[in-house]
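Here's the structure, in structure tokens; my notes come after.
Here, each number is a calculation from the coordinates, and none is a lab measurement. Computed from a predicted structure; not experimentally measured. Every residue, glycine as well, gets a Cβ built from its backbone with ideal geometry; the counts of neighbours run over all protein chains shown.
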Amino acid sequence: MRWLPHVDKDGKSYPLHHLHPIRYTLAIPAKDHRPETVVAVHVGFGMHCFTKKVENGDDPGDRYCDDREARTFDRERYELSKKLASIARELQQRPCAFAKDENFVCLDVIDSYGEKRRYGVFFNIKRWAGERRGNNAVLVVIQSAYCLDPKKPDPCGGRIGFNALLGHALRGTKPTRPRR
């Protein structure tokens, strides 16, 4: 997914090249008689990382569309999205948790004008093997990222490490969601 810049009604351009796909490698340390595994991690970023659902009163000049949906360009999400490539590269060191459906979440605390806010980064992960990619490749798609409403419940449904998620993706298995 390579996103075109958003251009508002005043002609101001908001480039989105920081959300073009990235690739990096990391190692899953040896454990339980398994050798170290080097994994190629391919990361894509969804439109919900810089847009929000269309609401009454939104400026039609802020519509952003792809072949599946139309949403409203969100300047706060856009500014925060500039952190996503770094967050994606640090998932192995960050606490992750189960989220809704087949998604997982990583929370980051940001300082927005002197106030601490929780930034939820929602992603899914799957094995992405192929002739060019090899057997130890995964695709992480960051579906959405936004500041969480402090009045709503925490989206985390039990912790899971990113290395465990990588292992499940490479084996083609699904991690067991903890009981609530």
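Miscellaneous remarks
- Simple spin-label estimate for Arg133 and Lys83 gives 2.8 nm between the two label positions (7 Å along the Cα-to-Cβ direction from each Cα).
- In the chain, the ratio of gyration radius to Kirkwood radius, Rg to Rh, stands at 1.00 when only Cα atoms are counted.
- Computed over the chain with a Gaussian network model linking Cα atoms closer than 10 Å, the most mobile of Pro21, Pro60, Pro150 is Pro150.
- Inter-probe distance in nm under a simple model that places probes 7 Å from Cα toward Cβ, at Asp59 and Lys31: 4.8
- Exposure rule at most 13 other beta-carbon atoms within 10 Å, DSSP loop GluC sites (Glu not before Pro): the chain longest free segment: 132-180
- Here is how the number arises for the chain: DSSP H runs of 4 or more residues each give -39500 (n - 2.57), the sum is divided by the residue count, and the result at 222 nm is -3500 deg cm²/dmol.
- The number of Lys pairs in the chain with C-alpha atoms less than 21 Å apart, excluding pairs fewer than 8 positions apart on the same chain, is 23.
- Inter-label distance, Arg171 to Asp154: 2.7 nm, where each label sits 7 Å from its Cα along the C-beta direction.
- Segment 1-52: trypsin sites (Lys or Arg not before Pro) in DSSP coil with no more than 14 other Cβ atoms inside 10 Å: Arg2, Lys9, Lys12
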